[in-house]
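Worksheet for the structure shown next.
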Amino acid sequence: MNFGKAIFLGTLVCFYVFIINDKRQLPRVVFCDVKQGDATYVRLPEQIDLLIDFGNYNYLNTCLNNNLPYFDRQIELAFLTHLDKDHSGALYKLIDNYNLLTLYVPYSLKNISDNYWQQLKNKLKQKKIKIVYLMSNQELTIQQSSILVLWPELTTLTKKTTQNQSALALLLEINHFRTLFLSDLEIVQIEKILRFQNLITNILKISHHGSKFGTSTTILQKTKPKLAIISVGKNNQYDHPDKYVLNLLKKNNIPVKRTDKEGAITIQIPK
């Protein structure tokens, strides 16, 4: 290969990387395909990377490699909605391979005795990653973006409360574009969130991979989403999403996108 041709190819590669990296700077929400699990990557307009939940590491790592700006291994804000492995399983390994600054978790984890959580806490402490415990009505605001914590309510937490019942629910708003994350909450908890307010949203992340115990007519009518997202694995053992939920969405004229059918789903945030 002569010198001129090498220079031309090098320039072409640099131009390609520049164009792709420029696109990776755009604000968007990416529902990663982690099979039967959950993980969502968000690029904020403030050039901040955010992650909600940590499904299967290999699939999550692929999603992050496809979306983080080149040479960027830092995740400024991360949210663990609860300890179930299909939401938390990749966290331990991710801590070793990415620069995670702060981890937000539900207040229900503050005083629990759980070996798995203790191992995670030890790892986080070792890496000097800050842990912040969240409860309803707390809000994080970053210029054009905000994250409102809708659940858990402190008064509802008892020794009998399950991981699903005490999971984080979050309302992400970027430039007035709203995405509602319900983790694996059950209908009872979600309808409590909505009892005094309608949370009209652009995107609704359907609770618990489309389980019939996480979606109701009331929830859909009080959120009025323009699009529903279901994060689910193909041919999973739970038969998620439930036909009842799919029928409810159809009856309410809500279009659906599913990771088992489309892979990772990217929603660009309007300016």
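Just name the residue that is surrounded by the fewest Cβ atoms within 10 Å (Cβ to Cβ) out of those in region 79-102 that are in contact with a helix residue (DSSP H, G or I) (Cβ under 8 Å, 6 or more places away or on another chain) and part of a loop (DSSP other than H, G, I, E, B). Filtering region 79-102 for residues that are in contact with a helix residue (DSSP H, G or I) (Cβ under 8 Å, 6 or more places away or on another chain) and part of a loop (DSSP other than H, G, I, E, B), the one surrounded by the fewest Cβ atoms within 10 Å (Cβ to Cβ) comes out as Tyr98. Would you confirm, using the coordinates I've provided, whether Thr259 is β-branched (Val, Ile, Thr), at pLDDT 95 or above and within 15 Å of the chain's Cα centre (by Cα)? So Thr259 passes the test. Evaluating His176 against the criteria (1) closer than 18 Å to Glu139 by Cβ; (2) in contact with a Ser or Thr (Cβ under 9 Å, 6 or more places away or on another chain) leaves one unmet condition, (2). The residue of region 136-156 that is nearest to Leu50 (Cα to Cα), among those that are of a type in the set (A, V, I, L, M) and surrounded by fewer than 18 Cβ atoms within 10 Å (Cβ to Cβ), is Ile142. If you go through region 19-78 and keep only what is aromatic (Phe, Trp, Tyr) and in a helix (DSSP H, G or I), you end up with Tyr57, Tyr59. Checked against the criterion of being loosely packed, with under 14 Cβ neighbours inside 10 Å, free of Cβ contacts under 8 Å to residues at least 60 places away in the same chain and closer than 26 Å to Pro27 by Cβ, region 236-246 contains not a single residue that satisfies it.
Taken as a whole, region 197-211 holds at least one residue that is surrounded by fewer than 17 Cβ atoms within 10 Å (Cβ to Cβ) and at pLDDT 95 or above.
Residues in region 120-135 that are surrounded by 14 or more Cβ atoms within 10 Å (Cβ to Cβ) and over 18 Å from the mean Cα position of the chain (by Cα): Leu120, Lys121, Lys123, Leu124, Ile129. Against the condition hydrophobic (A, V, I, L, M, F, W, C), farther than 30 Å from Gly233 by Cα and either at pLDDT below 95 or in contact with a Cys (Cβ under 9 Å, 6 or more places away or on another chain) (or both), how does Ile142 come out, does it pass? Answer is yes for this residue. In region 103-111 there is at least one residue that is more than 22 Å from Tyr59 (Cα to Cα) and surrounded by fewer than 19 Cβ atoms within 10 Å (Cβ to Cβ).
Say we look at region 3-44 and pick out the residues that are of a type in the set (Ser, Thr, Tyr) and at pLDDT 95 or above; which of these is farthest from Ala169 (Cα to Cα)? That would be Tyr41.
When the strands (runs of 3 or more DSSP E) confined to region 218-271 are screened for residues that are of a type in the set (Val, Ile, Thr), those reaching at least 3 such residues are found at 265-268.
The values are calculated or read from the model by the stated rules, or taken from the named source; none is laboratory data. As the structure is a computational prediction, the values presented were derived from the model and not from experiment. Positions of Cβ are backbone-derived with ideal geometry, glycine not excepted, and every protein chain shown enters the neighbour counts.
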